[in-house]
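Take a look at the structure set out below.
The values are calculated or read from the model by the stated rules, or taken from the named source; none is laboratory data. Note that the coordinates shown come from a computational prediction; the quantities given were computed from them, not determined experimentally. Here the Cβ is made from the backbone with ideal geometry for all residues, glycine too, and neighbour counts use every protein chain on show.
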Amino acid sequence: MDSEDKLKYSELRIPLILMGIFWIIAIVLWQTTGKIFYVVNFGYIGTAIGVGAGLYGALPKKKKRRGRQLSQLLVGLYMLVFLGFIKFENMQIEGLFFYSLAGFFGGATVHYLVAKIAGPVIFNRGWCSWACWTAMVLDFLPFPRNKRGRLPTRWGNLRYIHFALSLGLILVLWFGLGYRVETKSITDLYWLIGGNVLYYAVAITLAFTLKDNRAFCKYVCPITLFFKVSSRFALLKIAGDAEKCNYCGACEKICPMDIRIMDYIKNGQRVLSTECILCFECENVCAQGALKGTWGFDMGKQELLNMRESPAE
């Protein structure tokens, strides 16, 4: 096997592994439930992510982002349009709360278990970069990174408030007012539309106000509460080679989540931050080839992030 073949294999290894994991999930769920839908659902999602990730690896550096955007569109539109608008599944977090209280094991329940609770233990926060239907819009906006760094830590508390408000609203409606949502009904669709309109409005407003496409992900998105727990144990993380790294800072300048990647390299660690969305932009921009996605087991406690002291800075 020559060097060119080895390069091609290394570029396809992660896409093939991810695709294989989704197909295993699809077949296991099909065999245990007897529902062919799981083969269609997880087979499609795994293949879409695999194709996007494979294209990302094959394209030249300046065009690699198109592979990730293709994956976002293929998965995001499938989940939002087909599962949401056609199948009447409320894929928003409020749908998960409603279905859980009703004891209904629906599409939203499976989605959260695989993509946002158990899944990140394997593929980290890859959902945020490769499949999220909110991010698929945000990543087309003109502010891939805020050059001034991350807002003070207290701004991140907004996501906890958002989570509490969403859960509190459902609990009040359910226990206080006796409100029920009939699963897979037109009411579910109304909840889905209302939630997404609100998410997009807030996310786009924040992006243009803070000049940061990922501001919603950093400060407001309630789904990150699941990720903050399970992604700590993620097997797939970015690793840096200290011998190759010349500490030029290019990786940190491109990182959309403001992670101090070079500090992790200096510490002899993989990127352990739970803010890493596995977009591979740092690997793509590294002229030394010092960064790559690797499989392993480790866990970090400290978030190393580039912060600014005040919004006015």
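Structural remarks
- Top-ranked residue in region 264-291 [being within 24 Å of ASN213 (Cα to Cα) and of a type in the set (D, E, K, R); ranked as farthest from the chain's Cα centre (by Cα)]: GLU283
- Selection from region 86-99 of residues that are in contact with a helix residue (DSSP H, G or I) (Cβ under 7 Å, 6 or more places away or on another chain) and either among the acidic types (Asp, Glu) or in a helix (DSSP H, G or I) (or both): GLU89, ILE93, GLU94, GLY95, LEU96, PHE97, PHE98, TYR99
- Among the candidates GLU283, GLU303, GLU252, residue that is under 16 Å from GLY149 (Cβ atoms), acidic (Asp, Glu) and in a helix (DSSP H, G or I): GLU252
- Meets criteria (closer than 22 Å to LEU304 by Cα and among the hydroxyl-bearing types (Ser, Thr, Tyr)) for SER100: no
- Test for LEU192: is it modelled with pLDDT under 95, surrounded by 22 or more Cβ atoms within 10 Å (Cβ to Cβ) and not in a loop (DSSP other than H, G, I, E, B): yes
- Of residues in region 1-20 being at pLDDT below 90 and hydrophobic (A, V, I, L, M, F, W, C), the one surrounded by the fewest Cβ atoms within 10 Å (Cβ to Cβ): MET1
- Region 263-273, subset touching a Leu at 6+ places or on another chain (Cβ under 9 Å) and more than 18 Å from LEU236 (Cα to Cα), residue modelled with the highest pLDDT: ASP263
- Counted residues, region 263-273 - those being of a type outside the set (Lys, Arg) and surrounded by fewer than 21 Cβ atoms within 10 Å (Cβ to Cβ): 4
- Only one of the numbered conditions (1) touching a Lys or Arg at 6+ places or on another chain (Cβ under 7 Å); (2) without any contact (Cβ under 8 Å) to a residue 24 or more places away in the chain is violated by SER100, and that is (1).
- Residues satisfying the criterion are absent from region 178-191 (criterion: hydrophobic (A, V, I, L, M, F, W, C), under 30 Å from THR294 (Cα atoms) and in contact (Cβ under 8 Å) with a residue 24 or more places away in the chain).
- Residues in region 52-65 that are part of a helix (DSSP H, G or I) and touching a helix residue (DSSP H, G or I) at 6+ places or on another chain (Cβ under 7 Å) were compared, and the one that is modelled with the highest pLDDT is GLY52.
- Scanning region 203-248 for residues that are in a helix (DSSP H, G or I) and surrounded by fewer than 18 Cβ atoms within 10 Å (Cβ to Cβ) turns up ILE204, THR205, PHE208, THR209, LEU225, LYS228, VAL229, ARG232, PHE233.
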